[in-house]
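The values are calculated or read from the model by the stated rules, or taken from the named source; none is laboratory data. Predicted model, so just to flag it, every value in this text is computed and none were measured. Quick reminder, even Gly has a Cβ in these numbers, built from the backbone with ideal geometry, and neighbours come from all protein chains shown. Heavy atoms of the whole protein, side chains included, go into the accessibility calculation; ligands, DNA and RNA do not. Shrake-Rupley method; radii C 1.70, N 1.55, O 1.52, S 1.80 Å.
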Amino acid sequence: MLCTTTREGMDCAFMSVTGCSFNGGTCHPAVEPCKGCDRTVNAGDMMYCQSYPDPAAKWRYGKCNFATHVKGETLNEVKLNPLKASKRAGRHR
Ligand code: SF4
């Protein structure tokens with residue numbers, strides 16, 4: 001449904017006939033790490049995310065999983081399942 005408040009005229013999944021259904025009744029501006037992402041949109045002089053209404057929350061515990069400008073995890077960041085790693089190590093004994 002088209003937003004009638006913060007991002008007026010833009011399609012948004014959180015908009016309803018009774019108004020914005022997101023927590024607080026409005027979406028929040030994009031944050032610094034969002035710069036360069038294809039999902040950002042400008043409304044007035046503010047930048048927002050068209051996919052998620054609270055961008056800061058998407059970056060709170062690491063990289064935003066919707067981001068289009070951030071590549072996948074590097075090898076050092078890939079977390080191994082300790083159980084599988086243990087079994088894998090046991091095969092070579
Ligand atoms: S998808 Fe993620 S990185 Fe891109 S604008 Fe939205 S919150 Fe920011």
Study note, to complete from the structure: A 1.4 Å probe over the protein heavy atoms gives the range 15-90 a carbon and sulfur accessible-area percentage of 53
Practice item. Choose one answer from Thr26, Thr40, Thr18: the residue with the largest mean-square fluctuation in a GNM of the chain with alpha-carbon springs under 10 Å. Key: Thr18
Practice item. Quantify how much of the Cα-Cα distance distribution of the range 15-90 extends past 15 Å, in percent. Key: 65
Revision key, fill the gap. Cα extents of the range 1-57 per principal axis, largest first, Å, are 32, 21, 17
**Study point:** 5 angstrom amide H check on Gly19, placed H, neighbours 5+ away
**Key:** none
**Study point:** For the range 15-90, accessible area per residue (1.4 Å probe, heavy atoms of protein chains only), Å²
**Key:** 72
Practice item. Treat every Asp and Glu Cβ in the chain as -1 and every Lys and Arg Cβ as +1, leave all other atoms uncharged, and give the resulting dipole magnitude about the Cα centre to the nearest 20 debye. Key: 1080
Review point. Taking amide hydrogens as modeled 1.01 Å from N in the peptide plane, which residues meet the under 5 Å criterion relative to His69, leaving out close sequence neighbours?
Key: Asp38
**Study point:** Choice from Asp54, Asp45, Asp11 with maximal GNM fluctuation in the chain (Cα, 10 Å cutoff)
**Key:** Asp45
Review point. Amide H neighbours of Cys49 under 5 Å, counting only residues 5+ apart in sequence or on other chains, H built in-plane at 1.01 Å?
Key: Ala30, Val41
